[in-house]
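For reference, the structure is listed below as structure tokens.
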Amino acid sequence: MINILLLAPPAAGKGTQSELLEKQYGIMHIATGNLLREASIRNDIFGSNLREILKTGRLVSDEIVLELLNNKFHEVSSKGFLLDGFPRNINQAIELDKILKEANLKLDYVFFLDVDSSILEKRITGRRMCKTCGKIYNIYSFNNTNCLCGGELCQREDDTEEAFRIRYQTYLEATLPLVEYYQNHGILHKIDASLSIEEVNKEITSIIKKGDSND
Ligand code: AMP
């Protein structure tokens, strides 16, 4: 069983790396951003409030995120899980520790995808997401209107320069302190996420391989 957490600024490639790791290790990908986007489609006041928050790039309340997340851990298979986008602040990290303890699970690796904000801004404006399967592309490397599954590619409402600034600021204030939190847990690995998708993936998998051989 391998339990992984990806910690990163917006558009650092969390989603893309998650897709690869999910396939490579057969682990369950839990992305709170995806869970929230799904919930925001609801045709009621909850859905429309959620849509508004997501559009601005601010964090959704811990209560809502935890409610969406809580049941997911009962579905985790013996292969493990990969957390993408959670925790986003210290309070969520403390809550996660409690959830894992209750489910008799533990985190093995926290990968911190480190990348400069100037690179992130370029990545975010070129990013497109498939409306059907959620796969992520970048128009600088994939100039097509449709996903390989046939679904239409669209730009996320929070992938604007203005929302990016708020998301990045929120990351610096609320999420970055988690680097120290997980360093203190002794499970943090810093990865240079300005490298190519393949190189970042190779770095991550070689750390996991080393860990396996140490067991
Ligand atoms: P992401 O897809 O991870 O970039 O998340 C998209 C948006 O969903 C974020 O900008 C937040 O508004 C919201 N979100 C995702 N995960 C969390 C979380 N753990 N806590 C609060 N808000 C979140």
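Only one of the numbered conditions (1) acidic (Asp, Glu); (2) touching a Pro at 6+ places or on another chain (Cβ under 9 Å); (3) under 15 Å from Leu6 (Cα atoms) is violated by Asp158, and that is (3).
Of everything in region 59-85 that is under 17 Å from Asp158 (Cβ atoms) and more than 7 Å from the ligand (Cβ to nearest atom), the residue that is surrounded by the most Cβ atoms within 10 Å (Cβ to Cβ) is Ile64. Taking the criterion of being open to solvent by less than 60 Å² (accessible area, probe 1.4 Å) and either free of Cβ contacts under 8 Å to residues at least 24 places away in the same chain or touching a Lys or Arg at 6+ places or on another chain (Cβ under 9 Å) (or both), the residues of region 17-36 that qualify are Glu19, Tyr25, Gly26, Ile27, Met28, Ile30, Ala31, Thr32, Gly33, Leu35.
For region 161-173, the count of residues that are out of contact with any Phe, Trp or Tyr (no Cβ under 6 Å at 6 or more places or on another chain), within 28 Å of Glu52 (Cα to Cα), open to solvent by 60 Å² or more (accessible area, probe 1.4 Å) and modelled with pLDDT under 90 is at least one.
Scanning region 18-49 for residues that are of a type in the set (Gly, Ala, Ser) and touching a His at 6+ places or on another chain (Cβ under 6 Å) turns up just one, Ser18.
Considering each of Ala8, Ala12, Ala39 in turn, give the residue that is open to solvent by less than 50 Å² (accessible area, probe 1.4 Å) and farther than 23 Å from Leu178 by Cα.
Ala39
If the condition is being among the β-branched types (Val, Ile, Thr) and surrounded by fewer than 19 Cβ atoms within 10 Å (Cβ to Cβ), then region 116-143 contributes Ile119, Thr125, Thr132, Ile139. With the structure loaded, tell me whether Leu7 is within 21 Å of Leu188 (Cβ to Cβ) and within 12 Å of the ligand (Cβ to nearest atom) or whether it fails that test. When the stated conditions are applied, Leu7 passes them.
Considered as a group, the residues in region 42-58 that are near the ligand (Cβ under 8 Å from one of its atoms) and part of a helix (DSSP H, G or I) include one that is surrounded by the most Cβ atoms within 10 Å (Cβ to Cβ), and that residue is Leu54.
The values are calculated or read from the model by the stated rules, or taken from the named source; none is laboratory data. Because the structure is predicted, anything quoted here is derived from the model rather than measured. Cβ: placed from backbone, ideal geometry, glycine included. Neighbour counts: every protein chain shown. The protein model used for the area step is the full one, side chains on, heavy atoms only, and it has no ligands, DNA or RNA in it. Shrake-Rupley method; radii C 1.70, N 1.55, O 1.52, S 1.80 Å.
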